[in-house]
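So the structure is just underneath, and the comments pick up after that.
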Amino acid sequence: SSVQFNLSWKWPFCKQLCTYCSFNKYARSIDKNTEEKIAQCLTKEAETLISLSGTSRVFSIYFGGGTPSLAHPHTIASVLEGIHRVAHVSSDCEITLEANPSSAECERLQGFKAAGVNRLSLGVQALDNSVLSWFNRDHTVAEALKTIEEAKRLFPGRFNTDLMFGRPGHTVQQWRDELEKVIQICDDHISLYELTVEGGTELKRQVEAKEVSLPDSDMMADLYQLAVEVLENHGLKRYEVSNFARPGAESQHNGRYWRGKEFIGIGPGMIRSFSLSHTLSFSLSLPFCLFVTLLSESLSLSLPVSLPPYLSCCFSLSLSPSLP
């Protein structure tokens, strides 16, 4: 088939759990042998689903998590090799990897580039060490700044910086100062996310125990509107509700996802959908040990479940000619 699809590949492990994160993830370290086995399982799942999809042209690849930058660059390279075996991956395919800006992961960026990654998404989240500590992030501001400089050297014009707003006590002036600082050091893309209370998180426990309180909706709106004004005044256009970029620096992967294009999700908790002769979709929310066991036994997991329309994704977009 000539239909293209996006491929999202989830590495589900984190060094530690962030205060606010409700993603399907596992805070544990794994040895080299276990990492290789898990990579083989996820690669097998990718090969199976690509075959079942009826299409074999990959538009973009996204390594998310969890924390995929904890994986060894060789693991990322082997996964990409597996995808190349069963699908056509064009030479200009956007291949993004999410990375934490810690010192250890900064040292791996060159290896990830050699493995085939050509775009980074850096989870900076804040430029305040006290906030990073409360978020339970495993990096400091100094490490984030160093990683940004290394990303600019290795992936010029090809990485985005993530920030979060609306934390307890967050003021308009603090947010303005932080935005002005990150604009001076970042590249051509910034993603902004409102801190929200999600079930099963440490943040939800703290809010329910009245240990912390988040800004009210009016303050959240003020913080967001300020960000829009500051970023657009510096040439970063809002092309989606949370994403700002200079022309040509938009995320191609996310742009197609928001438009409801065909995609395949690989890994625990991921979903996938194809608008072809059939629709294949299911969510893996199994305990990860069971997930690994099933895939290691080469079982083909597939359930005929359709996804709902992507109305919320479409409503969040600001149409951009740079996005296909």
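Rg/Rh for segment 1-158 stands at 0.98; both radii use Cα atoms, and Rh follows the Kirkwood definition. Give the calculated FRET efficiency between residue 28 and residue 153 to the nearest 0.05, with a Förster radius of 35 Å applied to their Cβ-Cβ distance. That pair, residue 28 with residue 153, gives E of 0.65.
With contacts taken as Cα pairs under 8 Å and at least 6 residues apart, segment 104-244 reaches a relative contact order of 25 percent.
Heavy-atom accessible surface of residue 224, to the nearest 10 Å², is about 50 Å², with a 1.4 Å probe and all protein chains retained. Listed by chain and number, the lysines placed with their C-alpha closer than 23 angstrom to that of residue 25 are 10, 15, 37, 44, 204; residues fewer than eight positions away on the same chain are left out. Only the Cβ atoms of Lys and Arg (+1) and of Asp and Glu (-1) were treated as charged; on that basis the dipole of segment 73-130 about its Cα centre amounts to roughly 180 debye. Between segment 76-107 and segment 113-165, the C-alpha centres lie 17 angstrom from each other. Structural descriptor for segment 120-173: relative contact order 52 percent, calculated from alpha carbon pairs under 8 angstrom and at least 6 residues apart.
Net charge around residue 16, counting only other residues with Cβ within less than 12 Å of its Cβ (Lys, Arg = +1; Asp, Glu = -1)?
+2
Charges were assigned to the Cβ only: +1 to each Lys and Arg, -1 to each Asp and Glu. The resulting dipole of segment 100-242 about its Cα centre is roughly 500 debye.
The apolar share of the surface of segment 90-182, taken as the fraction of accessible area on carbon and sulfur atoms (1.4 Å probe, ligands and nucleic acids excluded), comes to 48 percent. Charged side chains reduced to their Cβ positions (Lys and Arg at +1, Asp and Glu at -1) give segment 1-153 a dipole of some 160 debye around its Cα centre. Sorting the segments 65-77, 44-56 by their mean number of nearby beta carbons within 10 angstrom, highest to lowest, gives 65-77, 44-56. Across 159, 23, 59, the residue with the most accessible area heads the list, and the full order at a 1.4 Å probe is 23, 59, 159.
The values are calculated or read from the model by the stated rules, or taken from the named source; none is laboratory data. Nothing here was measured: the structure is a model prediction, and the numbers come from that model. Virtual Cβ from ideal backbone geometry, glycine too; neighbours counted across all protein chains shown. All accessible areas refer to the heavy atoms of the entire protein, side chains included, with ligands and DNA or RNA removed. Shrake-Rupley method; radii C 1.70, N 1.55, O 1.52, S 1.80 Å.
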